[in-house]
Amino acid sequence: MTAGPTLSLEQIQGLVRRAQQGDNAAFEQLVELYKTKIYNYALRMLGDPDTAEDVAQETFIKAYSSLSSFRGAAAFQTWLYRIASNLAIDTVRRRKYRQNTFSLDEPIETSDGPIERDIEDDAAGPERRFESAQLQQQVSQAIVQLSPKLRTVLVLYELQGLSYDEIAGIVGAPLGTVKSRLFNAREQLKKILVDEVDVETFR
């Protein structure tokens, strides 16, 4: 799977309006645009490819059924991430999810063919700090040991490349709270990774 096409904000807004008016082709374009990001986010939150795929699919199903409630107060991407976050956190809490061992740079098989785990998103280089396969695997295992709130902020900022403002809109928390959670997530992650990786990565 490759990253979705790049569209301007105006084009995305146009697709959303058309989808809200019942244009299924427009919604399919939105799915194509965001499916890689949402899948990657779910995978990094949950650590299991099959469950991540389920959460990603459920995200778009819920988005489709809730299109009439989207008023454009936030960006469509923010709205999608909010849905995905709620579903992922519900999954973590319901199943007390813990990640199995896997490498972030190994492809997995889906009905659409092989998917590279380490797919580039629009943000430039959000994973540069996690370059080596060994480091990626250790980090991925450590991330799922964080609480859902800390995990969400860390994944959105460090791995999805989103801004503080975008994350605040997704998690529904003030900017200061987002920064505090990110700081705490980094500190806890460093403790987990002590003696395993170079903790300077997270300073």
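The values are calculated or read from the model by the stated rules, or taken from the named source; none is laboratory data. These figures come from a predicted structure and were not determined experimentally. Don't worry about glycine lacking a Cβ; one is built from the backbone with ideal geometry, like all the others, and counts go over all protein chains shown.
What do you reckon, is residue 52 touching a helix residue (DSSP H, G or I) at 6+ places or on another chain (Cβ under 8 Å) and part of a helix (DSSP H, G or I)? Considered against the rule, which asks whether it is touching a helix residue (DSSP H, G or I) at 6+ places or on another chain (Cβ under 8 Å) and part of a helix (DSSP H, G or I), residue 52 comes out as yes. The single condition among (1) at pLDDT below 95; (2) buried (at least 17 other Cβ atoms within 10 Å of the Cβ); (3) not β-branched (Val, Ile, Thr) that residue 200 does not satisfy is (2).
Would you check if residue 44 is of a type in the set (Lys, Arg) and part of a loop (DSSP other than H, G, I, E, B)?
Details: of a type in the set (Lys, Arg): yes; part of a loop (DSSP other than H, G, I, E, B): no.
Criteria not met by residue 44.
Could you count how many residues in segment 21-56 are surrounded by fewer than 16 Cβ atoms within 10 Å (Cβ to Cβ) and over 23 Å from residue 161 (Cβ atoms)?
Filtering segment 21-56 down to residues surrounded by fewer than 16 Cβ atoms within 10 Å (Cβ to Cβ) leaves 21-25, 28, 32, 50, 54.
From what is left, the residues that are over 23 Å from residue 161 (Cβ atoms) are 21-25, 28, 50, 54.
Total satisfying the criteria: 8.
If you take the residues in segment 129-161 that are of a type in the set (Ser, Thr, Tyr) and part of a loop (DSSP other than H, G, I, E, B), which one is modelled with the lowest pLDDT? Break it down stepwise before answering.
As a first pass, look at segment 129-161 and keep what is of a type in the set (Ser, Thr, Tyr): 132, 140, 147, 152, 157.
From what's left, part of a loop (DSSP other than H, G, I, E, B): 132, 147.
Numbers: 132: 62, 147: 93.
Among those that are of a type in the set (Ser, Thr, Tyr) and part of a loop (DSSP other than H, G, I, E, B), it is 132.
In segment 62-79, how many residues are part of a loop (DSSP other than H, G, I, E, B) and hydroxyl-bearing (Ser, Thr, Tyr)?
Residues flagged as part of a loop (DSSP other than H, G, I, E, B) and hydroxyl-bearing (Ser, Thr, Tyr) within segment 62-79 amount to 1.
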